[in-house]
Amino acid sequence: MSGLLLEGCRVLITRPRRAAEELADRLRSLGAIPLLLPVIEIQPPPDPQPLEEAVRQASTFDWILFTSANGVHAFMACLQAAGGSPPNLARVRIGAIGPATARALHGYGLWVDFLPTVYLSEAIAEELGDVAGRRILLPRADIARRALAERLRARGAEVVEVTAYQVRMGGDPEALRAALQPRPHRVALTSPSTARALAGLLEQLGEAVQPADLPAVCIGPVTASEAMALGFPVVAVAREHNQEGLIQALIESWKRE
């Protein structure tokens, strides 16, 4: 028997290409056949001025909380374009939603002061400690949920939300058509937006393959809820809401197959 835990499993990866390639490499090492189909695009914010102002004021905040690696890269690009550098943030405490976001911060030489035990926005709000009177900056996607900001405000924090990047539906219907022949055994969904974008592409094809035909493995419960609402059969949800947790969920679901 082969020791490759995902041998022969065709996995459709829907996340943006930079992140997709890292996941694809891990899956290949386990014997899977990754199919890269980025269905969302990360773009600069439509109005850059709020982010630029937040960057200028960054040192005045008590905390900057990053909820994605994309937010880290967008914020740092703006900081550097303004003539600043990561050491300018030395006096600000930095929080990250999970290990991938923390790694992105480490890549800029920044220490992460806070990482929640559960990699969800809600956990940040509950575990951050006393935030009453603290100024907190949230560089976000334009479509990010507001739960984190609302909970922090309810606990007495002064929260500034700023759009660091925008998420746009993308993907090539013809590339999807090719990826569906033969049909993938699993689709890896890493955000609600990837689930919505993939469902939109399937609708554009107007063919026999529907969301119900693509068993989904989701990175967390928020993504799983959106996927189920769109008609994807969710066969596994990662217990650890990060890439390694997603891979483990794929392995477990494939074993059951």
Among S68, S59, which comes first, then next, by fewest other beta-carbon atoms within 10 Å? S59, S68
As a test of the formula, what do you get for the chain when each DSSP H run with n ≥ 4 contributes -39,500 (n - 2.57) and the sum is divided by the residue count, at 222 nm and rounded to the nearest 500 deg cm²/dmol? -11500 deg cm²/dmol
Give, in nm to one decimal, the length gained when the segment between L36 and D130 is fully stretched (0.36 nm per residue of separation minus the Cα-Cα distance). 29.6 nm
Subtracting the Cα-Cα distance from 0.36 nm times the residue separation, let me have the gained length for L4 to Q181 in nm, one decimal. 61.4 nm
With each pseudo-label sitting 7 Å past Cα toward Cβ, what's the A90-Q43 distance in nm, one decimal? 3.9
Using the Cα centre of the range 7-164 as the reference point, and only Cβ charges (+1 on K/R, -1 on D/E), how large is the resulting charge dipole? Debye, rounded to the nearest 20. 140
State the dimensionless ratio Rg/Rh of the range 1-57 (Rg: radius of gyration of Cα atoms; Rh: Kirkwood radius). 1.31
Cα-based Debye curve of the range 72-126 sampled at q = 0.25 Å⁻¹ gives log₁₀ I(q)/I(0) of -1.00
Note down the nm distance, to one decimal, between modelled labels 7 Å out along Cα→Cβ at Q57 and at R18. 2.6
Determine, for each peptide in 190-200, 162-172, the mean count of other beta carbons within 10 angstrom over its residues, then list the peptides with the highest first. 190-200, 162-172
How much space per residue, in cubic angstrom, does the convex hull of the C-alpha atoms of the range 43-167 take up? 91
Taking the dipole about the Cα centre of the range 80-177, with the C-beta of Lys and Arg at +1 and of Asp and Glu at -1, give me whichever of Y108, V159, G95 is farthest to the positive side. V159
Would you order S85, S225, S121 from fewest to most other beta-carbon atoms within 10 Å of each residue's own beta-carbon? S85, S225, S121
Taking the square root of 5λ for each eigenvalue of the C-alpha gyration tensor of the range 167-257, the equivalent ellipsoid has semi-axes, largest first and in whole angstrom, of 21, 15, 11
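Each value in this text was obtained by applying a stated rule to the coordinates, not by laboratory testing. It should be emphasised that the depicted structure is a prediction, and the values quoted were computed from it without experimental measurement. All Cβ positions, even for glycine, are placed from backbone atoms using ideal geometry, and neighbour counts span all protein chains on display.
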